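What follows is calculated from the coordinates using simple rules that are stated; it is not laboratory data. All figures in this text were calculated on a predicted structure; none of them were measured in a lab. Neighbour counts run over all protein chains shown; Cβ positions are idealised from the backbone, glycine included.
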Amino acid sequence: MRKERRNQCIAIGLFGLGILFLYQKIILLKGISLVLLSISAILAGTSFANKRRIEVIAGLGLAIGLGFLYLPVPPSLRGAAFHLLFACAIAFGMTTAAKQLAAAVSALFAVIGMGFLYQPFLPSLGSTALHLLLPGITVFSIVFSQKTLCERISIGLIALGLISLCQPFLMLFYQTGFQLLLAGLTGFIVVAHR
């Protein structure tokens, strides 16, 4: 019980520190903020007994992150969207009881993110593709019941990303290769550690 309480305090402390670093002007602290928020999400998902409460808080964080991304908000809040979405995706995936629904919605987010990468009409949507793709792949990799299929999808994204980065024919594929590679690598790491 003592170790669990200590992990809860560390999770809350890292969350507070991560939020504090997120709104600093120093870029290095914003990068550290992502790590702190991610560790906080993992600790919260494993150390708190009331998983439903963490699931609701993480779900609200996902909604707030999407609001920061697509609603007219100050640039400082828009810059926090990725951090919130990624950390909340980890906590939500670890604590949700509705695994099938979460797998379906997260797969939809990943597909929409992929669509945003390649749509030619609104360039602003292309800049938000990774914000949807990475949390979608993360939640999907945590909650989907077939681990082997998750691994194959992740490896496919890694291969597609590498091919896109190395091919000399289409600039669009080269520009989107890193996002695919990063999403596949993240999905594979999550699947390998669940």
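Taking chymotrypsin sites (Phe, Trp or Tyr not before Pro) across the stretch 17-93, the ones in a DSSP loop with at most 16 further Cβ atoms lying within 10 angstrom of their Cβ are 23. Counted over the stretch 98-194 with a bin width of 5 Å, the fraction of Cα pairs per bin, in whole percents, is 3, 16, 24, 24, 17, 10, 5, 1, 0. Applied to the stretch 79-90, the Karplus parametrisation 6.51 cos²θ - 1.76 cosθ + 1.60 on θ = phi - 60° returns per-residue 3J(HN,Hα) values of x, 8, 4, 4, 4, 5, 4, 5, 5, 5, 5, 4 Hz, with x for Gly and Pro.
May I ask you to work out the translational diffusion coefficient for the chain at 20 °C, viscosity 1.002 mPa s, via Stokes-Einstein with Rh from the Kirkwood sum over Cα pairs, reported in whole µm²/s? The partial results should precede the final answer.
Working: Rh = 17.2 Å.
Here the translational diffusion coefficient equals 124 µm²/s.
Among the trypsin sites (Lys or Arg not before Pro) in the stretch 1-50, those located in a DSSP loop and surrounded by at most 13 other Cβ atoms within 10 Å of their own Cβ are 25.
For the stretch 121-162, applying the loop criterion from DSSP together with a ceiling of 14 other beta carbons within 10 Å to the chymotrypsin sites (Phe, Trp or Tyr not before Pro) yields 121. Grab the DSSP H runs of the chain that are 4 residues or longer, score each as -39,500 (n - 2.57), total them, divide by all residues and round the 222 nm result to the nearest 500 deg cm²/dmol. The helix-only estimate for the chain comes to -28000 deg cm²/dmol at 222 nm. Taking θ as phi - 60° and the Karplus parameters 6.51, -1.76 and 1.60, the scalar couplings of the stretch 138-148 work out to 5, 5, 4, 5, 7, 9, 5, 6, 9, 5, 4 Hz in sequence order, x denoting glycine and proline.
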